[in-house]
Every structure is written in C-alpha cells, then in structure tokens.
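Report on one structure; see the data block that follows.
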Amino acid sequence: MIKNNLKHEVTALEKSRRKAVLKVYLITAITCSIVGVCMLPVMAASEAETAINNMSNIVFGIIRAVGIMLAGWGLVQVGMSFQSHDPSQRSQGFLCLAGGLIIVFAKSILTAIAPGVFT
C-alpha cells in the first residue's frame with residue numbers, strides 16, 4: 001500500500017510572494033506608526049495668520065465685486081424684459097439677480113454654515 005503524502009510543499013515562487021507581501025505589510029505598518037507618533041500640532045504665528053486673513057479678505061472682496069456685477073446685470077435684464085415683454089428674458093434676469101445676490105453674500109453664508117472658519 002502506497003501512502004499518500006498530504007503535506008503541502010511550498011514552492012520557491014510562493015515563498016517569494018509571501019516575502020513580498022510581508023515586506024509591503026511591514027513597510028506600511030512602520031510608516032503608519034511613525035506618522036502617528038510624529039504628528040505634532042502646529043501653531044501658526046500671528047504674522048502668518050494675519051497674512052492668510054488678509055488674502056482671504058482680498059479674495060472675498062473680488063468675489064463680492066463679481067457678485068455685484070452679476071446682480072446688476074440681472075437687474076438690467078429684468079428691466080429690459082419688462083420693456084420688451086419677453087418672459088424668458090425676465091426669468092433669466094431673475095435667476096441672474098438671485099445668483100449675484102448669493103455670490104455677494106457668499107462669505108456670510110459660508111460663515112453661517114461653518115462658524116469660525118472664515119473669520
């Protein structure tokens with residue numbers, strides 16, 4: 001009677017795959033550990049914070065100016081639609097006016113949604 005050898009022999013290819021997977025796992029685990037241990041809170045200096053706030057004010061000022069122009073153009077379209085009796089131009093004018101007003105008050109809307117972020 002011949003005995004069946006049920007032992008699973010690991011080939012060289014399987015050994016190399018296991019080593020590669022183990023290597024990737026260890027590199028990932030060590031990297032995550034180092035990142036987790038070395039994270040420190042960063043306190044911005046007052047000069048940098050002032051510069052960022054000034055840049056934010058400039059950007060929101062530009063956005064507000066574009067919103068005012070858009071709202072003004074919406075008013076012009078609404079006025080022209082009343083003169084020409086064109087309902088599609090009237091609806092476009094009101095949409096343009098509403099969009100412009102939303103853009104004008106974008107900073108206030110964002111501050112209401114996320115307080116403390118845009119101060």
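The values are calculated or read from the model by the stated rules, or taken from the named source; none is laboratory data. Given the structure is predicted, the values throughout are model-derived calculations rather than measurements. Positions of Cβ are backbone-derived with ideal geometry, glycine not excepted, and every protein chain shown enters the neighbour counts.
Just one of (1) touching a helix residue (DSSP H, G or I) at 6+ places or on another chain (Cβ under 7 Å); (2) at pLDDT 90 or above trips up Val76, so point out which.
With (1) touching a helix residue (DSSP H, G or I) at 6+ places or on another chain (Cβ under 7 Å); (2) at pLDDT 90 or above applied to Val76, the lone miss is (1).
When the residues of the range 16-46 are filtered to those that are of a type outside the set (A, V, I, L, M) and modelled with pLDDT under 80, which remaining residue is nearest to Val104 (Cα to Cα)?
Checking each candidate, the answer is Ser46.
So is Leu75 surrounded by 13 or more Cβ atoms within 10 Å (Cβ to Cβ), farther than 14 Å from Phe60 by Cβ and either aromatic (Phe, Trp, Tyr) or more than 29 Å from the chain's Cα centre (by Cα) (or both) or not?
Judged against the criteria, Leu75 is a match.
Identify all residues within the range 78-119 that are surrounded by 15 or more Cβ atoms within 10 Å (Cβ to Cβ) and outside the structural domain of Asn54 (by TED's automatic domain parsing); write none if there are none.
Phe118
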